[in-house]
Amino acid sequence: MAKKSKLGVASAIVVGAGAAALYAKKASENKQAKNRQAGKKADETQERNEYRNTERGKYEKNSKGIYYSNGNYEAFARPEKPEGVDDKHAYLVGSGLASLAAACFLVRDGQMPGKNIHILEAMDIAGGACDGIYDASRGYVMRGGREMENHFECLWDLFRSIPSIETPGVSVLDEYYWLNKHDPNYSLCRATVNCGKDAHTDKKFTLDKESALALSKLFLTPEKDLENKKISDVLPNSFWKTNFWLYWQTMFAFQRWSSALEMKRYLCRYVHHIDGLPDFSALRFTKYNQYESMILPLVKYLEAHGVQIEYGMDVKNVIIETIGTKKVAKQIIYRKDGKDQTIDLIEDDLVFITNGCCTDTSCYGDQTHAPDLSHIKNGCGESWDLWKAIADQAKHGEFGKPEVFCGNVNATNWMSATVATSNEEIIQHIIRVCKRDPRAGKVTTGGIVTVKDSTENWYLSWTINRQPQFRSQDKNMVLVWLYGLHTNRAGNYVKKAMRNCTGEEICQEWLYHIGVPKEKIPELAKNACNTTTCFMPYINAFFQPRKESDRPRVVPNGAVNFAFIGQFAETPRDTIFTTEYSMRTGMESVYTLLDIDRGVPEVWGSKYDVRELLRACYYAIDKKPITEVPLSFVEKKMIRVLLKKVQGTDIELMLKESGLIE
């Protein structure tokens, strides 16, 4: 027995020595191959530097491990299957739009087996902030809506592959495209005054010269120079009285104290839609509420591919180990059924973290109850607590600073309500305002109607999207969504702070502003409507003044197997509070961690398009040729010199096409 043991040890030593020799040889060969590759790359780089008239290297991956692209060549291509993907597993924290999108990109482009993908959701329903439900005890609840446009490149890239759950044989994109072709969106009344009368904003921006110049300067200011600045720091007092600010603030929910950096991004991102800002003709909407039109098709697609959505999984922390410059997610800590549990991770286990949530700690009210705000604690909420736990592990703040966004609920809240009614008298008042019958099943208000004379009160806006908003909704019922930006002020009719009002009281305020006679308001609000409400303390959190480093990069430097996704991850040029931003961070995270060799569609580059910039100037000055704009003697002289210089050139042609010269 002893002899066999010694022989076994000797054999092991011989085998081990042989393996070591082979390993050393292979390592040497690998090193030589890497050196050759590095040398080849250096030669190519030098060649490009010496002779720049070439596209070689144009699609090399950047420091994030991805590259951006545009055009059909990249859009229609299918990437090759990433090496080793069958042996990897993915864990996605949360089931909001970013997480569901990331899971879909893992399936479609990463070609990861669905059984290897696990979505961990604390609630009993997917969707995150993209919700829309019917609660038998309260009624229909829509916390918010989603405005979309034709250049949400990542969103449409994905939805072209997601089957419709209503129309066999077509995609969600097909369905959406046809719907908005047949029923294009535009508003016939953007704002009201004096109990439902048209405020006659008349598609004008009413920008004075000082405001126009300040907006132009903001457009051109580098983001670095706008860090931690408020909009009020960069725009003059006269700006707040313009129609431009009325449109802008109510459409996007900006406040004067919101981030100047984010406003710059919005200006640059949507400069091609400035002509559609006054009447919402730039927008497209889904057929139903955002949950049924967007979330459900994604969930059905994932389930069909074997992806597991595990509900009741309340993730408390992701343990990240940093060794030198390398960062590895090692463990997920979660609570399920009242018990703390863990998932141990290896480097082949990918983790996608939704850090922060704008609808965290939402407080609901109903027809007869105001929302209970007693449990709101500044800076606290499940998504914020998770992000803080992760951020505390950072060595140099590389996982972001959640307190920048969740530290001031007085600045980041607003409140919404959903009114359900079938009352003919109320519907006739709606028709008088928006000039369309909401029961026709088509575009009704075409976007929000802002109550202009409530700006010093609740600052109320309301909208009616295509009806029905829910498949289960009665065909005679109309659902109205409204929101107020100032929840701590008294209303025009209801002399209480909006946050302290019942659904019935909020409905009374709305009925007053659409022209219902005062003596009828209490009865109609009580017996002809059912109103649910939602106070959201962090709904504007992403608009807080910030630095670039306050949001973690989608994949932080050195991260091996984890990424941040959603509205509080940082990716360049795109705008938060959009479905596209969630989709983009989901796509970038998957493409980076799986090293997928296909371009991520770049943010639409209209800010680099001279034609779009000239058109924007024309519409910003309310569709006047530049010769009709009030200018000083010196400015007029400069314009004459310029026009003479460009006479007979393409520049003159573009100026004419834009409307700036006749």
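The values are calculated or read from the model by the stated rules, or taken from the named source; none is laboratory data. Computed from a predicted structure; not experimentally measured. Neighbour counts are summed over all protein chains in view; Cβ atoms, including those assigned to glycine, are modelled from backbone coordinates with ideal geometry. Protein only, heavy atoms only, side chains kept; ligands, DNA and RNA dropped before computing areas. Shrake-Rupley method; radii C 1.70, N 1.55, O 1.52, S 1.80 Å.
Structure above, values below:
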| item | result |
| --- | --- |
| Residue within segment 122-136 that is out of contact with any helix residue (DSSP H, G or I) (no Cβ under 6 Å at 6 or more places or on another chain), open to solvent by 20 Å² or more (accessible area, probe 1.4 Å), farther than 30 Å from GLY605 by Cβ and free of Cβ contacts under 8 Å to residues at least 40 places away in the same chain present | yes |
| Helices (runs of 4 or more DSSP H) wholly inside segment 566-662 containing at least 3 residues that are of a type in the set (Lys, Arg) | 633-646 |
| Check on ILE430, in contact with a Ser or Thr (Cβ under 7 Å, 6 or more places away or on another chain) and buried (at least 23 other Cβ atoms within 10 Å of the Cβ) | no |
| Matching residues, segment 609-662, being surrounded by 13 or more Cβ atoms within 10 Å (Cβ to Cβ), of a type in the set (D, E, K, R), more than 15 Å from ILE274 (Cα to Cα) and touching a Lys or Arg at 6+ places or on another chain (Cβ under 8 Å) | GLU657 |
| Verdict on ILE514 being among the aliphatic types (A, V, I, L, M) and under 30 Å from THR421 (Cα atoms) | yes |
| Residue in segment 84-105 that is assigned to a helix (DSSP H, G or I) and open to solvent by 50 Å² or more (accessible area, probe 1.4 Å) present | yes |
| Counted residues, segment 137-153 - those being open to solvent by 20 Å² or more (accessible area, probe 1.4 Å) and aromatic (Phe, Trp, Tyr) | 1 |
| Conditions (1) open to solvent by less than 20 Å² (accessible area, probe 1.4 Å); (2) out of contact with any Pro (no Cβ under 7 Å at 6 or more places or on another chain); number of the one not met by TYR247 | (2) |
| Selection from segment 355-385 of residues that are open to solvent by less than 10 Å² (accessible area, probe 1.4 Å) and without any contact (Cβ under 8 Å) to a residue 60 or more places away in the chain | GLY379 |
| Residue within segment 540-549 that is in a helix (DSSP H, G or I) and in contact with a Cys (Cβ under 7 Å, 6 or more places away or on another chain) present | yes |
| From the options CYS507, CYS501, residue that is closer than 22 Å to LYS197 by Cβ, open to solvent by less than 10 Å² (accessible area, probe 1.4 Å) and either modelled with pLDDT of 95 or more or not aliphatic (A, V, I, L, M) (or both) | CYS507 |
| Pair list, Cβ < 7 Å and 6+ apart or interchain, from segment 408-429 residues that are under 23 Å from ILE133 (Cβ atoms) to residues that are buried (at least 22 other Cβ atoms within 10 Å of the Cβ) and of a type in the set (Lys, Arg) | MET415/ARG499; SER416/ARG143 |
| Of residues in segment 106-117 being more than 19 Å from GLY65 (Cβ to Cβ) and either in a helix (DSSP H, G or I) or of a type outside the set (A, V, I, L, M) (or both), the one most open to solvent (accessible area, probe 1.4 Å) | LYS115 |
| All helices (runs of 4 or more DSSP H) inside segment 365-444 with 2 or more residues being of a type in the set (Phe, Trp, Tyr) and either within 27 Å of the chain's Cα centre (by Cα) or farther than 30 Å from ASN488 by Cα (or both) | 382-391 |
